[in-house]
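Chemist: Sharing a structure below in structure tokens format, with a few things to ask.
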């Protein structure tokens, strides 16, 4: 499991660096985030959830049923959107309402 950071979308806010439990995300000379050793990524997706600029994708490997798909997260108000792009190009969005996400 790993992430990829889109340098064109990254604004250098460094929030991803602050939440990475492995301190794997660094800033380059332009202040934009990068991950030098993606293979060391734990797959916790903290950075993906924290990025408000759609700049970080998480690879959904075959071992978790993703078959090479990528996922990023966007949010608007109380809604969270898991945006999945499958390897064939098909897109799927899973909507989560924060106000109802912990109801039993």
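Chemist: So, of the residues in region 50-68 that are part of a strand (DSSP E or B) and at pLDDT below 90, which turns out to be surrounded by the fewest Cβ atoms within 10 Å (Cβ to Cβ)? Outline the logic, then answer.
Modeler: Going residue by residue through region 50-68, those that are part of a strand (DSSP E or B) are 56-60.
Now narrow it down to the ones that are at pLDDT below 90: 59-60.
Details: 59: 18, 60: 20.
Looking at the filtered set, the residue picked out is 59.
Chemist: Against the condition touching a residue at least 12 places away in the same chain (Cβ under 8 Å), assigned to a loop (DSSP other than H, G, I, E, B) and surrounded by 13 or more Cβ atoms within 10 Å (Cβ to Cβ), how does residue 47 come out, does it pass? Steps first, please.
Modeler: Numbers: touching a residue at least 12 places away in the same chain (Cβ under 8 Å): yes; assigned to a loop (DSSP other than H, G, I, E, B): no; surrounded by 13 or more Cβ atoms within 10 Å (Cβ to Cβ): yes.
Taking the combined requirement at face value, the residue does not satisfy it.
Chemist: Next up: Of the residues that sit in region 69-89 and are at pLDDT 90 or above and surrounded by fewer than 10 Cβ atoms within 10 Å (Cβ to Cβ), which one is nearest to residue 38 (Cα to Cα)?
Modeler: 76
Chemist: If the Cβ limit is 8 Å and pairs must be 6+ apart or interchain, which residue in region 13-27 that is touching a residue at least 40 places away in the same chain (Cβ under 8 Å) pairs with which residue that is assigned to a strand (DSSP E or B)?
Modeler: Close Cβ pairs (under 8 Å, with a partner that is assigned to a strand (DSSP E or B)) amount to 16/5; 16/25; 16/33; 16/56.
Chemist: While we're on this one: Is it fair to say residue 26 is in contact with a helix residue (DSSP H, G or I) (Cβ under 8 Å, 6 or more places away or on another chain), at pLDDT 95 or above and surrounded by fewer than 18 Cβ atoms within 10 Å (Cβ to Cβ)? Give the steps one after another, and end with the answer.
Modeler: Details: in contact with a helix residue (DSSP H, G or I) (Cβ under 8 Å, 6 or more places away or on another chain): yes; at pLDDT 95 or above: yes; surrounded by fewer than 18 Cβ atoms within 10 Å (Cβ to Cβ): yes.
It is true that residue 26 is in contact with a helix residue (DSSP H, G or I) (Cβ under 8 Å, 6 or more places away or on another chain), at pLDDT 95 or above and surrounded by fewer than 18 Cβ atoms within 10 Å (Cβ to Cβ).
Chemist: I'm trying to understand the selection: among the residues of region 29-45, which are at pLDDT 95 or above and under 25 Å from residue 96 (Cβ atoms)?
Modeler: 33
Chemist: Another question about this same structure. What number of residues within region 69-92 are in contact with a strand residue (DSSP E or B) (Cβ under 8 Å, 6 or more places away or on another chain) and either without any contact (Cβ under 8 Å) to a residue 12 or more places away in the chain or not in a strand (DSSP E or B) (or both)? Steps first, answer last, please.
Modeler: First, the residues of region 69-92 that are in contact with a strand residue (DSSP E or B) (Cβ under 8 Å, 6 or more places away or on another chain): 69-75, 78-87, 91-92.
So of that shortlist, the ones also either without any contact (Cβ under 8 Å) to a residue 12 or more places away in the chain or not in a strand (DSSP E or B) (or both) come out as 78, 86-87, 91-92.
Selection size over region 69-92: 5.
The values are calculated or read from the model by the stated rules, or taken from the named source; none is laboratory data. Source: prediction; values computed, not measured. With ideal geometry, Cβ positions are generated from the backbone for all residues, glycine too; neighbour counts draw on all protein chains shown.
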